[in-house]
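Participant: For reference, the structure I am asking about is given below.
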Amino acid sequence: MKEQLEKIKSQAFEALEQAKASADLEELRVRLLGKKGELTAVLKMMGKLSPEDRPVMGQLANSVRAAIEEKLETRKAELAAAALEAKLAAEALDVTVPGTSRPLGHKHPMYIALDEAKEIFIGMGFQILEGPEVELAEYNFTKLNTEEGHPARDWSDTFYIKEDSSILLRTQTSPMQIRAMEAIKHPPIRILAPGRVYRKDEVDATHSPMFHQIEGLVIDKGITMADLKGTLETLVKSLYGEDSVVRFRPHHFPFTEPSCEVDVQCFKCHGAGCPTCKGEGWIELLGAGMVHPKVLEGCGIDPRVYSGFAFGIGLERMAMRRFQISDLRLIFENDVRFLRQF
Ligand code: PHE
């Protein structure tokens, strides 16, 4: 019996040593110490022993049981520690591994150009103003000295929203002149109003039914054409360099008198004529003029006291010149291969 007990002990220790998970230990515990276990089976034979052997074997059996129990506990703790170790290793976070970088977008080239223009005008004391794209015909035309029947109001050029022609998608940012005068009321007024405008144009390299303008308006006592010229020259030179050459050409707009168009000398050929400027040597940049007295009067500003100038810049054209983009469509298509270049 003694040998049997010794054998049970040594086999138990070996099995416990080899156990790989706590489930294995539980299985072993039942097999070794349970009611139907090996040790119990041996103990059941105690009755057959002589009275003097019985206590000796009993003691031995108990010590074997205690040894197995102790070994079980040790192995249990070891396996739990190993499991925790493995779990920690698997879940470990290496803070020194470089992160996944998220692609970062950037400003659209047209908005880069717009922000540059805004900076320049803010530096000259202008206030930035925005207004509705769905506009009253009264603001887009009538109050801009463009009465009913004027060809500019034709249905073939303008997206009207209402059958009676009273509401439309603004064809220019000039209604912001009216809105600025009505909102600010008392000169001095110095505003810059960028935004979308709409015209019934087919899409090509230089046209789009939706494009952007920047409207400028200055009203104060004693404002003259010289102020207009100086302001626009400052803009062009800050945008395109001190050596840019600007040209003022007489033109006509219903809401300015006198009116002009402003060209800048072609950056490619410097006036000689090339494909970029269509052989002209000059690139048209904006329309401008002195605010018509009728427009001032209609907004409650006395033209005998105050005068002012206004201008409207095509923003796409400005961005195209700034970044030497040859086709207007590139600005709207948002092809990332194009956009990434800026
Ligand atoms: N609104 C005019 C256009 O769209 C431009 C302009 C603005 C002209 C302000 C004079 C004064 O062509």
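The values are calculated or read from the model by the stated rules, or taken from the named source; none is laboratory data. Fair warning: this is a prediction, and the values are worked out from it, not measured in the lab. Glycine gets a Cβ as well: all are built from the backbone with ideal geometry, and neighbour counts include every protein chain shown. In case anyone asks, the SASA skips ligands and DNA or RNA and just uses the protein heavy atoms, side chains included. Shrake-Rupley method; radii C 1.70, N 1.55, O 1.52, S 1.80 Å.
Participant: Could you check how many residues of region 180-199 are open to solvent by less than 70 Å² (accessible area, probe 1.4 Å) and either outside any loop (DSSP other than H, G, I, E, B) or closer than 12 Å to residue 133 by Cβ (or both)?
Facilitator: 12
Participant: Continuing with the same structure: Return the pairs, sorted by first residue and then second, in which the second residue is assigned to a loop (DSSP other than H, G, I, E, B), the first residue lies in region 1-24 and is within 19 Å of residue 60 (Cα to Cα), the beta carbons are less than 8 Å apart, and the residues are 6+ apart or on different chains.
Facilitator: Pairs that qualify, where the first residue is within 19 Å of residue 60 (Cα to Cα) and the partner is assigned to a loop (DSSP other than H, G, I, E, B), are 1/49.
Participant: Considering region 256-275 alone, what residues qualify as being among the hydrophobic types (A, V, I, L, M, F, W, C) and more than 16 Å from residue 292 (Cα to Cα)? Outline the logic, then answer.
Facilitator: We begin by selecting, within region 256-275, every residue among the hydrophobic types (A, V, I, L, M, F, W, C); these are 260, 262, 264, 266-267, 269, 272, 274.
Answer for region 256-275, where residues must be among the hydrophobic types (A, V, I, L, M, F, W, C) and more than 16 Å from residue 292 (Cα to Cα): 262, 264, 266, 267, 269, 272, 274.
Participant: I want to confirm something. Restricting to region 210-238 and keeping residues that are touching a strand residue (DSSP E or B) at 6+ places or on another chain (Cβ under 6 Å) and more than 14 Å from the ligand (Cβ to nearest atom), which single residue is most open to solvent (accessible area, probe 1.4 Å)?
Facilitator: Restricting to residues being touching a strand residue (DSSP E or B) at 6+ places or on another chain (Cβ under 6 Å) and more than 14 Å from the ligand (Cβ to nearest atom), the top hit is 233.
Participant: Mind telling me which of the residues 130, 135 ends up being open to solvent by 40 Å² or more (accessible area, probe 1.4 Å) and among the charged types (D, E, K, R)? Full working, then the answer.
Facilitator: Working: 135 fails: open to solvent by 40 Å² or more (accessible area, probe 1.4 Å).
The conditions single out 130.
Participant: Right, here's the next one. Quick one: is residue 125 at positive phi and in contact (Cβ under 8 Å) with a residue 12 or more places away in the chain? Give the steps one after another, and end with the answer.
Facilitator: Details: at positive phi: yes; in contact (Cβ under 8 Å) with a residue 12 or more places away in the chain: yes.
When the stated conditions are applied, residue 125 passes them.
Participant: Just checking, does region 283-301 include any residue being free of Cβ contacts under 8 Å to residues at least 60 places away in the same chain, part of a helix (DSSP H, G or I) and surrounded by 14 or more Cβ atoms within 10 Å (Cβ to Cβ)? Quick ask: steps written out before the conclusion?
Facilitator: Taking region 283-301 and keeping what is free of Cβ contacts under 8 Å to residues at least 60 places away in the same chain, we get 283-287, 293, 297.
Okay, now just the ones that are also part of a helix (DSSP H, G or I), so 293, 297.
After this cut, where a residue has to be surrounded by 14 or more Cβ atoms within 10 Å (Cβ to Cβ) as well, the list is 293.
Scanning region 283-301 turns up at least one residue that is free of Cβ contacts under 8 Å to residues at least 60 places away in the same chain, part of a helix (DSSP H, G or I) and surrounded by 14 or more Cβ atoms within 10 Å (Cβ to Cβ).
Participant: State all residues of region 126-172 that are under 15 Å from residue 200 (Cα atoms) and within 13 Å of the ligand (Cβ to nearest atom); if no residue qualifies, say none.
Facilitator: Scanning region 126-172 gives 152, 157, 158, 170, 171, 172.
Participant: Filter region 248-273 down to residues that are hydrophobic (A, V, I, L, M, F, W, C) and open to solvent by 40 Å² or more (accessible area, probe 1.4 Å) and give me whichever is modelled with the lowest pLDDT.
Facilitator: Our first condition is that a residue be hydrophobic (A, V, I, L, M, F, W, C); within region 248-273, this holds for 248, 253, 255, 260, 262, 264, 266-267, 269, 272.
Keeping just the survivors that are open to solvent by 40 Å² or more (accessible area, probe 1.4 Å) gives 248, 253, 267, 272.
Numbers: 248: 96, 253: 97, 267: 74, 272: 90.
Among those residues, the one meeting the criterion is 267.
Participant: Out of all the residues in region 66-106, which are in contact (Cβ under 8 Å) with a residue 24 or more places away in the chain and open to solvent by 70 Å² or more (accessible area, probe 1.4 Å)? So that I can check it myself, show each step before the final result.
Facilitator: Residues of region 66-106 that are in contact (Cβ under 8 Å) with a residue 24 or more places away in the chain, as a first pass: 67-69, 71-72, 75-76, 79-80, 83, 106.
Scanning region 66-106 gives 69, 76, 106.
Participant: Determine, yes or no, whether residue 318 is over 23 Å from residue 222 (Cβ atoms) and either in contact (Cβ under 8 Å) with a residue 12 or more places away in the chain or not in a strand (DSSP E or B) (or both). Give the derivation first.
Facilitator: Details: over 23 Å from residue 222 (Cβ atoms): yes; either in contact (Cβ under 8 Å) with a residue 12 or more places away in the chain or not in a strand (DSSP E or B) (or both): yes.
Yes.
Participant: Related question: Does residue 229 fit the bill of being free of Cβ contacts under 8 Å to residues at least 60 places away in the same chain and touching a Ser or Thr at 6+ places or on another chain (Cβ under 7 Å)? I'd like the intermediate steps shown before the answer.
Facilitator: Numbers: free of Cβ contacts under 8 Å to residues at least 60 places away in the same chain: yes; touching a Ser or Thr at 6+ places or on another chain (Cβ under 7 Å): no.
When the stated conditions are applied, residue 229 does not pass them.
Participant: What is the number of the single condition among (1) open to solvent by 40 Å² or more (accessible area, probe 1.4 Å); (2) assigned to a strand (DSSP E or B) that residue 206 does not meet?
Facilitator: Unmet for residue 206, out of (1) open to solvent by 40 Å² or more (accessible area, probe 1.4 Å); (2) assigned to a strand (DSSP E or B): (2).
Participant: Working carefully through the options 284, 242, find the one that is of a type outside the set (Phe, Trp, Tyr), in the same structural domain as residue 322 (by TED's automatic domain parsing), modelled with pLDDT under 95 and under 17 Å from residue 314 (Cα atoms).
Facilitator: The unique qualifying residue is 284.
Participant: Now, a different point. In this structure, does residue 319 turn out to be closer than 21 Å to residue 199 by Cα and away from the ligand (no atom under 16 Å from the Cβ)?
Facilitator: yes
Participant: Of the conditions (1) surrounded by 13 or more Cβ atoms within 10 Å (Cβ to Cβ); (2) touching a strand residue (DSSP E or B) at 6+ places or on another chain (Cβ under 7 Å); (3) over 22 Å from residue 129 (Cβ atoms); (4) of a type in the set (Gly, Ala, Ser), residue 152 satisfies every one except a single condition; which number is it?
Facilitator: Status for residue 152: all satisfied but (2).
Participant: Any idea which of (1) in a loop (DSSP other than H, G, I, E, B); (2) of a type in the set (S, T, N, Q); (3) open to solvent by 40 Å² or more (accessible area, probe 1.4 Å) is the one residue 276 doesn't satisfy?
Facilitator: Single failed check for residue 276: (1).
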